[in-house]
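Asks: If you scroll down you'll find the structure; I have some questions about it.
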Amino acid sequence: MADRGRRGVPTESTIRDWDDADPSGQTYRRVLFIDSDLTEVDNRGGVFEECTFRGVRFNASTHTDAAFVNCTFVRCSLFDTTFTRCKLVGSFFDDCTYNLLKVNGGDWSFTALPGADLKGTEFSGVKLREADLAGIRAAKASLRDLDLSGASLQRADLTGADLRGSDLSTLDPLTVTLRDARIDMTQAMVVAASLGLDVRP
């Protein structure tokens, strides 16, 4: 188990076995979690700062009003994981799986998910300002009402994705795959303008 600093906050340590984990209301700083099993954990308000999760199973877990700030996720399983109003600012995901991932609200600005396979995932009302989404594979994903201002979407595959209500102001339609993607009329005008078309009523 982790060493504890002031006020009992686990810090600068490694956790390999975390049976009966309950991070709700707890704060962890610079902790390395290796092969931990957080399946079906109900995390309410837990805070992780500059932590690394390596090979951790988050399957069917729920995270509400929690924070993972400047954290790193390596080869983690996020199968059927739900994040609600969570803060993941500055976090980095590498070689993770995201089947049935659901994200409702929250701030994921500056998060890096390069090349992530987000097929069929659901993101709704999430702030993803200046996020690195280059090369994501998000076919048939639901990406509704997202703040994507400044986000990198080069080479993203958005085939059949539902993008309605999302900010597409920095999307370059020449560098992404948009076939059969669903957009609203306002977005259609933004995309047309980015292609150099003269949009008039």
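The values are calculated or read from the model by the stated rules, or taken from the named source; none is laboratory data. Because the structure is a prediction, the values reported are computed rather than measured. FYI the Cβ positions are ideal-geometry reconstructions off the backbone, even for glycines, and counts take in every protein chain you see. To get the accessible areas, we keep the full protein, side chains included, count just its heavy atoms, and leave off ligands, DNA and RNA. Shrake-Rupley method; radii C 1.70, N 1.55, O 1.52, S 1.80 Å.
Asks: Taking the range 48-86 only, how many residues are part of a loop (DSSP other than H, G, I, E, B), of a type in the set (S, T, N, Q) and either open to solvent by 30 Å² or more (accessible area, probe 1.4 Å) or under 14 Å from residue 14 (Cα atoms) (or both)?
Replies: Kept after step one, since they are part of a loop (DSSP other than H, G, I, E, B), are these residues of the range 48-86: 50-51, 55-56, 58-61, 65-66, 70-71, 75-76, 78-81, 85-86.
Now narrow it down to the ones that are of a type in the set (S, T, N, Q): 59, 61, 70, 81.
Then drop every residue that is not either open to solvent by 30 Å² or more (accessible area, probe 1.4 Å) or under 14 Å from residue 14 (Cα atoms) (or both), which leaves 59, 70.
Counting residues in the range 48-86 that are part of a loop (DSSP other than H, G, I, E, B), of a type in the set (S, T, N, Q) and either open to solvent by 30 Å² or more (accessible area, probe 1.4 Å) or under 14 Å from residue 14 (Cα atoms) (or both) gives 2.
Asks: Please determine, by comparing only the residues of the range 70-98 that are of a type in the set (Lys, Arg) and over 10 Å from the mean Cα position of the chain (by Cα), which one is farthest from residue 123 (Cα to Cα). If you could, list the steps in order and put the result at the bottom.
Replies: The initial filter retains those residues of the range 70-98 that are of a type in the set (Lys, Arg), namely 75, 85, 87.
With over 10 Å from the mean Cα position of the chain (by Cα) added as a condition, the list becomes 75, 85.
Working: 75: 21, 85: 11 Å.
My answer is 75.
Asks: Do you know which residues across the range 87-106 are part of a strand (DSSP E or B) and open to solvent by 10 Å² or more (accessible area, probe 1.4 Å)? First the steps, then the outcome.
Replies: Just the residues of the range 87-106 that are part of a strand (DSSP E or B), to begin with: 87, 92-94, 97, 102-104.
Selection gives 87, 92, 94, 97, 102, 104.
Asks: Could we say that residue 183 is among the aliphatic types (A, V, I, L, M), closer than 22 Å to residue 58 by Cα and free of Cβ contacts under 8 Å to residues at least 60 places away in the same chain here? Spell out the reasoning first.
Replies: Details: among the aliphatic types (A, V, I, L, M): yes; closer than 22 Å to residue 58 by Cα: no; free of Cβ contacts under 8 Å to residues at least 60 places away in the same chain: yes.
No, not satisfied.
Asks: Could you tell me which numbered condition residue 143 fails, if it satisfies all but one of (1) of a type outside the set (D, E, K, R); (2) surrounded by 19 or more Cβ atoms within 10 Å (Cβ to Cβ); (3) part of a loop (DSSP other than H, G, I, E, B); (4) under 17 Å from the mean Cα position of the chain (by Cα)?
Replies: Unmet for residue 143, out of (1) of a type outside the set (D, E, K, R); (2) surrounded by 19 or more Cβ atoms within 10 Å (Cβ to Cβ); (3) part of a loop (DSSP other than H, G, I, E, B); (4) under 17 Å from the mean Cα position of the chain (by Cα): (3).
Asks: Do any residues in the range 28-42 that are touching a residue at least 24 places away in the same chain (Cβ under 8 Å) have Cβ atoms under 9 Å from those of residues that are of a type in the set (Gly, Ala, Ser) and not in a strand (DSSP E or B), where the two are at least six apart or on different chains, and which pairs are they?
Replies: The qualifying pairs are 28/2; 28/46; 29/5; 31/2.
Asks: Still on this structure: Among the candidates 180, 184, single out the residue that is charged (D, E, K, R) and under 29 Å from residue 87 (Cα atoms). Break it down into steps so the answer makes sense when it comes.
Replies: Working: 180 fails: under 29 Å from residue 87 (Cα atoms).
Result of the check over 180, 184: 184.
Asks: Out of the residues in the range 147-201 meeting the condition of being β-branched (Val, Ile, Thr) and assigned to a loop (DSSP other than H, G, I, E, B), tell me which one is surrounded by the most Cβ atoms within 10 Å (Cβ to Cβ). Even if it seems obvious, please write down each step before you answer.
Replies: The first filter runs over the range 147-201 and keeps only residues β-branched (Val, Ile, Thr), leaving 159, 170, 175-177, 183, 186, 190-191, 199.
Going one step further and asking which of them are assigned to a loop (DSSP other than H, G, I, E, B), we end up with 159, 170, 175-176, 183, 199.
On the way: 159: 17, 170: 15, 175: 12, 176: 21, 183: 19, 199: 11.
Only one residue fits best here, namely 176.
Asks: Sticking with this structure for a sec: In the set 109, 124, which member is in contact with a Lys or Arg (Cβ under 6 Å, 6 or more places away or on another chain), at pLDDT 95 or above, open to solvent by 30 Å² or more (accessible area, probe 1.4 Å) and within 27 Å of residue 184 (Cα to Cα)? Write out each step before concluding.
Replies: Details: 109 fails: open to solvent by 30 Å² or more (accessible area, probe 1.4 Å).
Going through 109, 124 in turn, the sole match is 124.
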